[in-house]
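Let me begin by presenting the structure, written as structure tokens, before commenting on it.
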Amino acid sequence: MQEDSLYKIAENWFEDQGWHPFPFQRKTWAAFLKGKHGLLNAPTGSGKTYALWFPIVLNYIRDNPDYKERHKKGLKAVWITPLRALSQEIKQSAERVTRDLGTSLTVGIRTGDTTTRERAQQRKIMPDLLITTPESLQLLLATKGYASIFKDCTAIVIDEWHELLGTKRGVQVELGLSRLKTISPKLRIWGISATIGNLEQARQVLLGPESVAYHRSVLIKADLKKKITVRSIIPKEMETFPWRGHLGIRLLDEVIPILKSSKTTLLFTNTRSQCEIWFQKILERYPEFAGEIAMHHGSIDKDTRLWVEQAIRNESLTAVVCTSSLDLGVDFAPVETVIQIGGPKGVARFFQRAGRSGHRPGQESVIYFLPTHAIELIEASALQKALRTQTVEDRMPYLNSFDVLVQYLITLAVSDGFHPDQIYPEIAQTFCYQGMSEEQWHWLLNFIVLGSQSLQSYDEYKKVDVDDTGLLKVTNRGIAMRHRFQIGTIVGDANLSVRYQKGGYIGSIEEWFISKLNPGDVFTFAGKNLEFIRIREMQVLVRKSRKRTNKIPSWMGGRLTLSSEMSKLLREELYTANAASSNQSLEIASLEHIFKQQKRESIVPNPDQFLIESFQTSEGYHHILYPFEGRFVHEAMGSLLGYRISLLQPITFSLAFNDYGFELLSDKEVDISAVIDNNLFTTDYLLEDLQKSLNATEMARRRFRDIAVISGLVFSGYPKKGIKMKHLQSSSQLLFDVFRDYEPDHLLFQQAFRETFEHQLEEGRLRLAMERIAGQEIVWKKCKQPTPFSFPIITDRLSRERLSSEPMEDRIRRMAARLMKK
Amino acid sequence: MNYSLTIEDQKFLLHPSGALFWPKKKMLLISDVHLGKVTHFRKFGAAVPPSLIQKNFELLDMVMDEFTPSHLCFLGDLFHSNINSEWQLFENWVGSKSGTFTLVTGNHDIISPLKYESLGIVSREEYVIENFYFTHVPTKKSGMFNISGHIHPAVRLSGKGRQSLKLPCFFKSPDQMILPAFGKFTGTHILPVKSDNEIFACTRTEVLKI
């Protein structure tokens, strides 16, 4: 069939719906049908699914002119989504296309929610179009004879690629694609990404930097201009508005008129606990909203989430309090207004959330910004500037994630086995492993076969065997089974499912929260007050309670930080505090009394000043430094400076950070003039000192946790199966100590440090920041009490880092006197 | 550095490794070594560093050399699992030492007592010497002072400036002492401290009374 007549089919369909294809949709169809790979840059709700489902189906029609009479079975295309909650939506749009174009193509879903029976059926006959997640794709590669499943596959689409890009699940996708390129000769690889700073790199990561696929690929931008209006909710009584906090409940009353005057409003919160609290508080104060508002976050049971999503479409809800769980996919036309509670910490995320409202092309998007504490208004002001200047941050891809590679290699060994010489070139082509050396590759092979770098007598290590032909294969059924369970655990903490004692699944919750509860305690979850009864086999048993509680589960989740672009905007906004009020934004002007208070004790720095404050409280000596460079740079600078000071005197620090500055807290006073005199802000020996400071803190240790789980060093048990494997459980903490003491050059141990460096501390950004500071005058203020700027930092109790240069015995002797006896 | 402590008029030495020495009886007490655990993990595909296996034996040698006991008593969880290749190493180790050996069995000790017997090690569920009552799981008995293991006790210390430390410890109450785990591949469990407890924390080189 000619291409023209193929397009005609698509055009006619659009006409039937009363729509017009966008130029980006046409471009994507054409590129796909020419056999190209590509990255499509299009926002949610722009019709991106039709940009790719259409050419996939049209291509099938072209290859099978008798498609109306005969149906050739077997997998033809795979659609990867990072959130399984989105799969229903994608399936519906696919089915619309396949049905309306008169094909008999079947559409199926395969995710963690798919029943064993369905899976077994799929193994016999794959659906023509398969919607799945990165983990489930990996699991398919762990099935025997997987190559025959994919042999006629013509397309794989990675949806929301920007969400996967800077994560290890993204690496998992890179590896999966490297295999599919070989076993599916007709494959086209397409990514769909929202706007990020490094789109061009996103395409390289997807396709492999120097690969044939990359050279045969295109980048298509939807370029849909959209008008976004940001409105800050400025407290009427600014004087009593708190200096710190993260909930924003104080402004609840201001939100109500917005909800009442708009059709459907989404309230985005930053954490699930914040989401729970807002939902609860709105109902408490405005009971008339009962039945009209709902809650949506990742830990709520799937059916409830689907119900909420459907209710948004039906316009039967006034408002939904949600988290990033509603950031992706799902097209909600009726949403009129969006409220962001607390700083979104990223411009791209903020834009995307804003875009949730006024979803139809041409409509204006309105987003309200609700500050949770006073200083956050500066952020609101900076966000508006970012909007005007179109500043968007990068998503940084991972390099040499050996943990994910170990998992992948064992996956291949579990299914059909592999020959290293055949697999190596595929892996070396990926972005993640482009810099992997041959030594490292051999190290990894030794690791999975021998469990160490040399064969030891008496060793009984068992994982991957090598047969006579040099094929690496897992022969032990137990190991294969445990590995398959482990594949899904690439993300996050240990989760327990929450159930009523009499049955009924409510959601899942992180283990560390439950571990703090005693039987009889009441906590709020999924909008309900629940009494904790006990834990049985990975399940938290609860019953409904009438008691009131202030215990609300919090989820650690990924902490977000400001990008360097956003930090710069933030600094610039702050400096306007010293400017004439005519040059100030509404937000900055409203903060006047805070700045006054700040100036009473200290200063609001000018662009040429670097502010350091010190003061004493009952907790000890606080030293606060304000680079205004975003949390990650502060983490790096804090541990660097802490380390350098600890060389001057034996001292122990507790470090806290936020996006504005960092704190060095100690039981001893630090002489800041000595810090300045000894030139501790120098960029000389930056890398060496930073590395040494890492050994002194716990950052790498925390990174190691995921690495140990992903690479199979620790076994996390069988999720949801409730099968305990106690004799095989050890903590990643213990393993970290063991590697540190006995095998410090272990690649997986080293990876924890490298990742901290590359993904957390951002050495490059640190250097730039230090160079900027070198040109500033350091202003040291000794204050009598905490300043407004310092308040959000010193009250951070959760995420503190520790660093010490004192002999442990000395510290113990000092602490011994304080041991609390009950 | 050892810590010297008098319990029930008897002098005891607390070693940073977690071993407890009773000079009058020339008796060394060690709890929760968990031999075989590394190999057990490796057999099931978890690549714990194999160099750790030797480390347990080096530590055992070190305390044996320091105290030269005539009687070594393990307070349970000597071997983590059923027999694996580390048993052979243990056999060789026992063969190289002189003196009497006793194992007060713990929940992990599932290897047949006959195997221990063949090495000259007496297995028993509990052990009484004078008014001292030795068990694996902490068990009080009236008129007796109980010495046990099982818990892998640790203590959480906190100080000014939001400092905190977690350390393995000897955990003593008026009529009981729980030993820290001796094995290198074992975790710890933080115990709440009551007013009549005495805590002896272990650093790498010292035992410090808290």
Taking the range B:49-93 as the search range and keeping residues that are at the interface with chain A (Cβ under 9 Å from one of its Cβ atoms) and aliphatic (A, V, I, L, M), which one is farthest from B:L103 (Cα to Cα)?
B:L52
Restricting to the range A:505-533, name every residue that is modelled with pLDDT of 75 or more and either in the same structural domain as A:S732 (by TED's automatic domain parsing) or on the phi > 0 side of the Ramachandran plot (or both).
A:G520
Going through the range B:22-39 in order, the residues found to be polar (S, T, N, Q) and either at the interface with chain A (Cβ under 7 Å from one of its Cβ atoms) or surrounded by fewer than 24 Cβ atoms within 10 Å (Cβ to Cβ) (or both) are B:T39
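Among the residues of the range B:166-183, are any under 30 Å from A:Q616 (Cα atoms) and either free of Cβ contacts under 8 Å to residues at least 40 places away in the same chain or more than 11 Å from chain A (Cβ to nearest Cβ) (or both)?
Yes: the range B:166-183 contains one or more residues that are under 30 Å from A:Q616 (Cα atoms) and either free of Cβ contacts under 8 Å to residues at least 40 places away in the same chain or more than 11 Å from chain A (Cβ to nearest Cβ) (or both).
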Might you check whether a residue that is surrounded by fewer than 17 Cβ atoms within 10 Å (Cβ to Cβ) and within 13 Å of another protein chain (Cβ to nearest Cβ) occurs anywhere in the range B:140-162?
yes
Would you pick out the residues in the range A:491-504 that are at pLDDT 70 or above and buried (at least 16 other Cβ atoms within 10 Å of the Cβ)?
A:S497, A:V498, A:R499
Which count do you get for residues in the range A:697-715 that are within 14 Å of chain B (Cβ to nearest Cβ) and in contact with a strand residue (DSSP E or B) (Cβ under 7 Å, 6 or more places away or on another chain)?
2
Among the candidates A:I189, A:I196, single out the residue that is surrounded by fewer than 22 Cβ atoms within 10 Å (Cβ to Cβ), in contact (Cβ under 8 Å) with a residue 60 or more places away in the chain and outside the structural domain of A:F704 (by TED's automatic domain parsing).
A:I196
The listed residue being within 26 Å of B:G159 (Cα to Cα), in contact with a Cys (Cβ under 7 Å, 6 or more places away or on another chain) and among the aromatic types (F, W, Y), out of A:F653, A:F615:
A:F615
For the range A:20-56, name all the residues that are in a helix (DSSP H, G or I) and aliphatic (A, V, I, L, M).
A:A30, A:A31, A:L33, A:A51, A:L52, A:I56
What are the residue pairs meeting all of these: first residue in the range B:57-71, first residue in contact (Cβ under 8 Å) with a residue 24 or more places away in the chain, second residue surrounded by fewer than 20 Cβ atoms within 10 Å (Cβ to Cβ) and among the hydrophobic types (A, V, I, L, M, F, W, C), Cβ atoms under 6 Å, and 6 or more apart or on different chains?
B:F57/B:W93
Could you tell me whether the range A:661-684 includes any residue that is among the hydroxyl-bearing types (S, T, Y), crowded, with 19+ Cβ neighbours inside 10 Å and out of contact with any strand residue (DSSP E or B) (no Cβ under 8 Å at 6 or more places or on another chain)?
no
Check the range B:103-117 and report whether any residue there is more than 14 Å from chain A (Cβ to nearest Cβ), part of a strand (DSSP E or B) and within 18 Å of the chain's Cα centre (by Cα).
yes
Could you check the range A:594-639 and list, in sequence order, the residues that are crowded, with 23+ Cβ neighbours inside 10 Å, small (G, A, S) and at negative phi?
A:S602, A:A636, A:G638, A:S639
Of the conditions (1) touching a Pro at 6+ places or on another chain (Cβ under 9 Å); (2) within 14 Å of chain A (Cβ to nearest Cβ); (3) within 29 Å of B:P174 (Cβ to Cβ), B:R42 satisfies every one except a single condition; which number is it?
(3)
Which listed residue, of A:G620, A:G630, A:G642, is under 30 Å from A:M396 (Cβ atoms) and touching an Asp or Glu at 6+ places or on another chain (Cβ under 7 Å)
A:G630
Scan the range A:438-476 residue by residue and report those that are charged (D, E, K, R), at pLDDT 90 or above and farther than 15 Å from A:F715 by Cβ.
A:E438, A:E439, A:D465, A:D467, A:D468, A:K473
Please go through the range A:634-669 and give me each residue that is part of a loop (DSSP other than H, G, I, E, B) and farther than 22 Å from A:E688 by Cβ, ordered by number.
A:N658, A:D659, A:Y660, A:G661, A:D667, A:K668, A:E669
Could you please find all residues in the range A:663-687 being more than 14 Å from every other protein chain (Cβ to nearest Cβ) and either of a type in the set (A, V, I, L, M) or closer than 22 Å to A:T652 by Cβ (or both)?
A:D671, A:I672, A:S673, A:A674, A:V675, A:I676, A:N678, A:L680, A:F681, A:L686, A:L687
Going by the conditions given, is A:T795 touching a strand residue (DSSP E or B) at 6+ places or on another chain (Cβ under 7 Å) and either of a type in the set (S, T, N, Q) or in contact (Cβ under 8 Å) with a residue 12 or more places away in the chain (or both)?
no
B:P180: passes all of (1) surrounded by fewer than 21 Cβ atoms within 10 Å (Cβ to Cβ); (2) in a loop (DSSP other than H, G, I, E, B) but (1)
Residue that is farthest from the chain's Cα centre (by Cα) [pool: residues in the range B:191-203 that are more than 8 Å from every other protein chain (Cβ to nearest Cβ) and either of a type in the set (D, E, K, R) or assigned to a strand (DSSP E or B) (or both)]
B:D196
Checked the range B:105-122 for anything small (G, A, S) and crowded, with 19+ Cβ neighbours inside 10 Å; matches are B:G106
Criterion (over 30 Å from A:S567 (Cβ atoms) and buried (at least 19 other Cβ atoms within 10 Å of the Cβ)) met by exactly one of A:A428, A:A413
A:A413
Among the numbered conditions (1) within 19 Å of A:S731 (Cβ to Cβ); (2) in contact (Cβ under 8 Å) with a residue 60 or more places away in the chain; (3) β-branched (V, I, T), tell me where B:I147 comes up short.
(1)
Could you grab me the full set of residues in the range A:745-760 that are free of Cβ contacts under 8 Å to residues at least 12 places away in the same chain and buried (at least 18 other Cβ atoms within 10 Å of the Cβ)?
A:H746
On the given criteria, is A:G470 of a type outside the set (S, T, Y), surrounded by fewer than 17 Cβ atoms within 10 Å (Cβ to Cβ) and on the phi > 0 side of the Ramachandran plot?
yes
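The values are calculated or read from the model by the stated rules, or taken from the named source; none is laboratory data. In this text, all values refer to a predicted model and were calculated from it rather than measured experimentally. For neighbour counting, all protein chains shown are included, and Cβ atoms are generated from backbone atoms with ideal geometry for every residue, glycine included.
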